[in-house]
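The values are calculated or read from the model by the stated rules, or taken from the named source; none is laboratory data. These numbers come from a predicted model, not from an experiment. Neighbour counts are summed over all protein chains in view; Cβ atoms, including those assigned to glycine, are modelled from backbone coordinates with ideal geometry. For the accessible areas, the whole protein counts, side chains as well, though only heavy atoms, and no ligand, DNA or RNA atoms are used. Shrake-Rupley method; radii C 1.70, N 1.55, O 1.52, S 1.80 Å.
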Amino acid sequence: LGSRLQAPTPALALDSSLLLALTHVQTGEMVATAELSLRPRDGRLPAEFAVPPLFLLHSAGLAPYLCNLAVRRGFRRRRIARRLLSSCERLVSSEWQQSELYLHVDLLNQAAAALYRSEGYEPLPGFDRAAAASSIALPGRPRALNRYHVKRLPPAPPAAEAGAP
């Protein structure tokens, strides 16, 4: 993921997800990213596979899934991750008309775990085995302790109210 912020290649994500990217107004450098996709509600970490088209969003077993929420080091501690997360939630609720958003968080990443906890994401420890089985160990790093989470999103306001201040 670090390389995505250093040398982003959005084309890699466009086949299977919606990539949200924030760039610095003056320099054009990428500041933060988040990816939204449709994944089975099975607790496994996403692998490389093509996501079904959005018209299949309401089919059984698929749900909005957030991954790769990241903020460049020099821009952290400015609430950018919290605002990007909120934007993702609004998009899922209002545009995709879905009431839940799923994600995994590495429990070793205390800042990320605290962010999701403070924003109302509920841990689903019953899926720990599925997440562990699909986790990939990276050389020189401790194996991630990924936990599946869900947030029940409030209903989107009616279209007439959406643009109101």
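Considering the stretch 95-122 alone, what residues qualify as being under 11 Å from residue 153 (Cα atoms) and open to solvent by 50 Å² or more (accessible area, probe 1.4 Å)?
Hits for the stretch 95-122 are 97, 99.
On the basis of being open to solvent by less than 70 Å² (accessible area, probe 1.4 Å) and either within 12 Å of the chain's Cα centre (by Cα) or over 21 Å from residue 17 (Cβ atoms) (or both), does residue 154 make the cut? Talk me through it step by step, then tell me what you get.
On the way: open to solvent by less than 70 Å² (accessible area, probe 1.4 Å): no; either within 12 Å of the chain's Cα centre (by Cα) or over 21 Å from residue 17 (Cβ atoms) (or both): yes.
Judged against the criteria, residue 154 is not a match.
Which is under 18 Å from residue 64 (Cβ atoms) and at pLDDT below 85, of 132, 156? Step through it out loud before you land on a result.
Details: 132 fails: under 18 Å from residue 64 (Cβ atoms).
Going through 132, 156 in turn, just one is under 18 Å from residue 64 (Cβ atoms) and at pLDDT below 85: 156.
Which ones in the stretch 31-57 are at pLDDT below 50 and open to solvent by 70 Å² or more (accessible area, probe 1.4 Å)?
48, 49, 50
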